[in-house]
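Only one structure is covered here, and it is reproduced in the block below.
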Amino acid sequence: MVAPVISFATNARIGQVEPHLAFEETVGVTERSFVEYFVADERGHPSPTREADPDAISDIMRSLYGAQPNQSLLTALAHYHAALDNYFIGGEALVVEHLYMAAEALREPVLAQFSATTGRSEADIMAGEGHEGR
């Protein structure tokens, strides 16, 4: 899940990660067969780029995959990544759907945290916001 984390940290679409170079480093082996695959570079206009802060990415990775990964946060992150992936003319409906699902994934833990912080019950908070019966 590296691409969604980088996508979140930079607020930019990160496509499928495909390495262009790999090598074998087996201890004691001095000869290796050579294999080369050519991958077509992007065509058309250059993709917009944005610098990624490696420290921010590693901090996010540590937070997400620490001792107890938060499944709601991981679900929201996956939907946010999918929303950015569909951010083009004609993809608006998918973007809104994925952002809605990301918000829904965060609703329960955020509501529980707010309830713990304020000392109010979840039902009282929801009623105060005009969401009775939910």
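Quickly run through segment 122-134 and pick out the residues that are touching a helix residue (DSSP H, G or I) at 6+ places or on another chain (Cβ under 9 Å) and open to solvent by less than 60 Å² (accessible area, probe 1.4 Å). Let's see the steps before the verdict.
Taking segment 122-134 and keeping what is touching a helix residue (DSSP H, G or I) at 6+ places or on another chain (Cβ under 9 Å), we get 122, 124-126, 131-134.
The answer is ILE125, MET126.
Within segment 72-94, is there a residue that is over 30 Å from ASP124 (Cα atoms), open to solvent by 40 Å² or more (accessible area, probe 1.4 Å), out of contact with any Leu (no Cβ under 8 Å at 6 or more places or on another chain) and of a type in the set (Val, Ile, Thr)?
yes
Identify, by number, the condition in (1) modelled with pLDDT under 90; (2) charged (D, E, K, R); (3) under 25 Å from the mean Cα position of the chain (by Cα) that ASP55 doesn't meet.
(1)
Looking at PHE23, PHE38, PHE88 in this structure, which one is at pLDDT 85 or above, of a type outside the set (S, T, N, Q), out of contact with any strand residue (DSSP E or B) (no Cβ under 7 Å at 6 or more places or on another chain) and outside any helix (DSSP H, G or I)? Even if it seems obvious, please write down each step before you answer.
Numbers: PHE23 fails: at pLDDT 85 or above; PHE38 fails: at pLDDT 85 or above.
Only one candidate qualifies: PHE88.
The values are calculated or read from the model by the stated rules, or taken from the named source; none is laboratory data. What you see is a predicted model; the values in this text were computed from it and never measured. When we count neighbours, we look across all protein chains shown, and the Cβ atoms used for this are built from the backbone with ideal geometry, even at glycine. We work out accessible area using only protein heavy atoms, side chains counted, and drop any ligands, DNA or RNA first. Shrake-Rupley method; radii C 1.70, N 1.55, O 1.52, S 1.80 Å.
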